[in-house]
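The values are calculated or read from the model by the stated rules, or taken from the named source; none is laboratory data. Here the structure is a predicted model, which is why all the values come from computation and not from measurement. We place every Cβ from the backbone using ideal geometry, glycine too, and count neighbours over all the protein chains shown.
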Amino acid sequence: MRKKTNTPPSSDVHLNLKQYKKIYKQSITDPNRFWGEQAKKFISWFTPWKKVSSGDFRKQTKQWFVDGKLNACYNCVDRHLETHKDKPAIIWEGDDPNKSLTITYGELHEKVCRFANVLKKQGVEKGDRVCIYLPMIPETAIAMLACARIGAIHSVVFGGFSSESLKTRLLDLGCKIVITADESVRRGLYIPLKKNADTAIQDCPKVKKVIVVKHTGNPVEWHKKRDIWYHDAMKEVDAVCPVKIMDANDTLFVLYTSGSTAKPKGIVHTTGGYLVYVAMTFKTIFNYQDGDIYWCTADLGWITGHSYLLYGPLANGATTLMFEGVPSYPTYSRYWEMIDKYHVNIFYTAPTAIRTLRHEGDTWVTKTNRSSLKLLGTVGEPISPDVWEWYYRVVGKSKCPIVDTWWQTETGGVLITPLVGVTPAKPGSAAWPFYGIVPEIIDENGKIIKDTRPGKLVIKHSWPGMLETIWHNRIRFIKGYFEEVPGKYFTGDNAYRDKDGYFWILGREDDVIKVSGHRIGTGEVESALLTVHKISEAAVVAIPNEIKGHGIFAYVVTKPNTDLTDLKKTLNKAIQKEIGKIAVLEEVLHVKELPKTRSGKIMRRLLRKIAANEFEELGDTSTLADPSVIDDIIYQRKKIND
Ligand code: PRX
């Protein structure tokens, strides 16, 4: 394969390969010294930690920056005021290209203080959970920072989730406050956020107040005793609000993500370790220089939005661009036009967006200039070499290095990535471990694979950005992450390491599907399907999709004498209600029975193969209770192909 040097065009190269190797070695041989230095360099502490780390990773008792005191909002806002008061902190552009806004660090400080006072006035205290169900508007960032300021734990719920999903999260967290908006806008279409929130809250008696941002201005149902207009409340409070001094191991936020069971898990991130990790990785991986305009296209409802749209950039005093809309509206040039409009230097997006835009042809890109770009990044799924090449050549005009960053909601920040100026690029590979990270590939017997065979990707040691636990479910945390390969963090991904030490991520090895970069649990979809009374059994698997990466393929068994008219439509409606618009069935196969082992376990391996039309590669089916079940399923699968 042709090698490209991942070297930026300017003189920004901060180190070379030899230096990387030296620093990497130091970071893994003496992690306390390494992370202690980073913590001092990147974060302002009210009280220094007594120990950089304590406890044992293998026993899940590891803690970072023990007894250190800090505040995340102070680090992201207040401490920049002296030098960067008038510097844009957030540039926002709406779904409508004519709507935009710039908020300086000074203005952000005032807004965050006011909103923190609004929350305090509603009785929010340190440790209380605040749910943020908002569109991609500046108020979302303001609300997150305001929570951090007073020590409240924020939990952002992506605006594309349904009221059922919102309800599950509100109940799990025991939230008293919800912040929402009248509506969100995407592609010029309105989505009734407040209405969704109202429906969810009906079953959440603990929710006492709903703070509503007037975004589109369309009328909404109003509950006089419960609802408060954001803008009115902001006028009634003081613009000064002291920061709460937080312990490094106090929770900063909980963010829900899908796992292998039907119920999403609340990933808990601490204040100190998380902030050190995202601040340091942001600066190092994106090579951010003062004055750069940085744009991460992720929604604040996902971890990428938390770590690399908000906390990482703002902790570095950067200018971060926030976009409400989609890459295809009003035209497929939207991203590239925005890059020209705001002179974006660093652009971070998902392979699914790149695939969509590539599919529409080069002209949408080439008619724009993009000369401001210095660095491109991707995250969320594997990027295939041809898509990588297109991103590099057409979008970046063969002059911008690409960082293909591998990480997860649980990891807090990037763990495997190329480094600018250091790593010769191999398109499609996330390259090498970041400082302090020791990944390993493990075979089915739990043995470390030293050669290039694929296996389970695990992480051997702790790093500061790692999740602390799962909200109110320590057992699930230990079972889910430390039991598959005892004592090591199990990522749920398969990967291999090539002879040059490059990691190639092959995708999920568990029951999680990545659809357009969104993480969806097969268990969640299955339980949504089972809410339809006609369905007696359901099994969901991933099917390859050229644009989305993967699609959702469902096998269903129905109750006797069921009318199958509009089956797919009915099932999709149920999924939309239970999960939200992010999950849509690509195919449904109505079968007589599901293939089960004699102990009653569904053989998903077979279902995956059949969904992908790989009938010749079914392997051993002798453990099936009734091997003839497979013939019927194959017959049905071939029928939809015709
Ligand atoms: O399968 C990996 C894939 O995304 C999963 C994590 O998803 P989530 O928690 O939603 O976080 C996404 C954003 C950090 C991983 O287990 N993934 C993420 N980045 C990459 C990737 N797969 C391949 N290459 C990547 N760069």
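Before moving on, here are some points about what is shown:
- The C-beta contact set for the range 474-497 (first residue on the phi > 0 side of the Ramachandran plot, second residue part of a strand (DSSP E or B) and crowded, with 18+ Cβ neighbours inside 10 Å, distance under 7 angstrom, 6+ apart or interchain) comprises Gly492/Arg508; Gly492/Val512.
- Qualifying positions in the range 66-76 - surrounded by 23 or more Cβ atoms within 10 Å (Cβ to Cβ), among the hydrophobic types (A, V, I, L, M, F, W, C) and farther than 19 Å from Gly291 by Cβ: Leu70, Ala72, Cys73
Yes/no matrix, rows are residues, columns are (1) within 20 Å of the chain's Cα centre (by Cα); (2) part of a strand (DSSP E or B); (3) within 26 Å of Ala350 (Cα to Cα):
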position	(1), (2), (3)
Ala233	no, no, no
Ala239	no, no, no
Ser260	yes, no, yes
Thr281	yes, no, yes
Tyr288	no, no, yes
Ala298	yes, no, yes
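- Some residue of the range 429-441 being touching a residue at least 12 places away in the same chain (Cβ under 8 Å), part of a loop (DSSP other than H, G, I, E, B) and farther than 30 Å from Ile43 by Cα: yes
- Criterion violated by Arg370 - all others in (1) closer than 18 Å to Thr356 by Cβ; (2) free of Cβ contacts under 8 Å to residues at least 12 places away in the same chain; (3) charged (D, E, K, R) satisfied: (2)
- Restricting attention to the range 548-567 and to residues that are out of contact with any Lys or Arg (no Cβ under 7 Å at 6 or more places or on another chain), surrounded by fewer than 16 Cβ atoms within 10 Å (Cβ to Cβ) and not β-branched (Val, Ile, Thr), the residue that is nearest to Gln636 (Cα to Cα) turns out to be Leu564.
- Filter result (crowded, with 20+ Cβ neighbours inside 10 Å and of a type in the set (A, V, I, L, M)) within the range 488-506: Ala495, Ile505
- Boolean, Thr409 is within 16 Å of the ligand (Cβ to nearest atom), of a type in the set (S, T, N, Q) and out of contact with any Cys (no Cβ under 8 Å at 6 or more places or on another chain): yes
- Any chance Gly428 is more than 12 Å from the ligand (Cβ to nearest atom) and more than 18 Å from the chain's Cα centre (by Cα): no
- Residues that are farther than 18 Å from Met136 by Cα and surrounded by fewer than 24 Cβ atoms within 10 Å (Cβ to Cβ), drawn from the range 187-200: Asp198, Thr199
- Subset of the range 1-19 that is in contact with a Gly (Cβ under 9 Å, 6 or more places away or on another chain) and under 25 Å from Pro464 (Cα atoms) - its residue that is modelled with the lowest pLDDT: His14
- Given (1) in a loop (DSSP other than H, G, I, E, B); (2) within 16 Å of the ligand (Cβ to nearest atom); (3) basic (Lys, Arg), index of the condition Arg355 fails: (1)
- When the range 507-516 is filtered for residues that are near the ligand (Cβ under 7 Å from one of its atoms) and buried (at least 21 other Cβ atoms within 10 Å of the Cβ), only Lys514 remains.
- Considering residues of the range 164-199 that are in contact with a strand residue (DSSP E or B) (Cβ under 6 Å, 6 or more places away or on another chain) and of a type in the set (S, T, N, Q) only, the residue nearest to Cys131 (Cα to Cα): Thr180
Yes/no matrix, rows are residues, columns are (1) of a type in the set (A, V, I, L, M); (2) over 13 Å from Cys73 (Cβ atoms); (3) in the same structural domain as Asn196 (by TED's automatic domain parsing):
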{"position": "Ala143", "(1), (2), (3)": "yes, no, yes"}
{"position": "Gly151", "(1), (2), (3)": "no, no, yes"}
{"position": "Gly159", "(1), (2), (3)": "no, yes, yes"}
{"position": "Ser163", "(1), (2), (3)": "no, yes, yes"}
{"position": "Leu166", "(1), (2), (3)": "yes, yes, yes"}
{"position": "Arg169", "(1), (2), (3)": "no, yes, yes"}
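- Out of Val365, Val403, Val387, sole residue that is more than 16 Å from the ligand (Cβ to nearest atom), of a type in the set (A, V, I, L, M) and either buried (at least 22 other Cβ atoms within 10 Å of the Cβ) or outside any loop (DSSP other than H, G, I, E, B) (or both): Val365
- Condition met for Gly523 (more than 8 Å from the ligand (Cβ to nearest atom), surrounded by fewer than 21 Cβ atoms within 10 Å (Cβ to Cβ) and farther than 19 Å from Val458 by Cα): yes
- Selection over the range 91-130 of residues that are in contact (Cβ under 8 Å) with a residue 60 or more places away in the chain and assigned to a strand (DSSP E or B) gives a count of 4.
- Test: Tyr555 is in a strand (DSSP E or B), modelled with pLDDT of 95 or more, more than 11 Å from the ligand (Cβ to nearest atom) and under 25 Å from Ile354 (Cβ atoms): no
- One residue alone among Asn561, Asn572, Asn545 is out of contact with any Pro (no Cβ under 8 Å at 6 or more places or on another chain), of a type in the set (S, T, N, Q) and within 16 Å of the ligand (Cβ to nearest atom), and that residue is Asn545.
- Residue match in the range 32-44 (condition: in a loop (DSSP other than H, G, I, E, B) and either at pLDDT below 95 or within 28 Å of the chain's Cα centre (by Cα) (or both)): yes
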